[in-house]
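Trainee: Pasting in a structure now, in structure tokens, and then I'll have a few things to ask.
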Amino acid sequence: MRQKSLICIIFFSILLSFLLSLNPAAAEKKPPDVVTIKLEGAKLPPVIFSHPTHTEKAKLDCVTCHHKDTNPKEPESCLKCHPLKEAKDNAPLAKDAFHKKCQTCHKDSLSKGITAPTKCNECHKK
């Protein structure tokens, strides 16, 4: 009887250790550090977007850009709601949404003393 109790205690200890070692934060999606935003048919070069620059340096919350995500811990691509060619569900096209959100934020940041690109060729680099 004593041996069975010891085996059960060891088994449950191992099981508990395993369950406690699971980190729920590790299951969250981590955004890529860099995203290349290249829109079909665009005349300008793609934009290289840095998540760390925006979230760590500029201290922006993910919800600033991913404003309609149902799960803010696992944001979707902007293209899920903002299509490339045909508008749907009253969401602006990706190009228009990016320009409005990015340009507005960058211009606002200048008034706060934060240097952010505001000219086309500063974001659209070759």
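Computed from the coordinates by the stated procedures, all read-outs in this text should not be read as laboratory data. Source: prediction; values computed, not measured. Cβ placement follows ideal geometry from the backbone for every residue including glycine, while neighbour counts extend to all protein chains displayed.
Trainee: Evaluate the distance, in nm, between pseudo-label points positioned 7 Å from the Cα of Thr70 and of Lys107 along their respective Cα→Cβ axes.
Mentor: Modelled inter-label distance: 3.5 nm.
Trainee: If the cut-off is 19 Å between C-alpha atoms, which lysines fall inside it for Lys43, apart from same-chain ones fewer than 8 positions away?
Mentor: Lys85, Lys95, Lys100, Lys119, Lys125, Lys126
Trainee: Quick one: if the Förster radius is 30 Å, what FRET efficiency do Lys88 and Thr115 give, using the C-beta to C-beta distance and rounding to 0.05?
Mentor: Using R0 = 30 Å, I get an efficiency of 0.25.
Trainee: Right, another one. Using DSSP to call loops (not H, G, I, E or B), can you name the trypsin sites (Lys or Arg not before Pro) in the range 77-114 whose Cβ has at most 14 other Cβ atoms within 10 angstrom?
Mentor: Taking the range 77-114 and a limit of 14 other Cβ atoms within 10 Å, the loop trypsin sites (Lys or Arg not before Pro) found are Lys85, Lys112.
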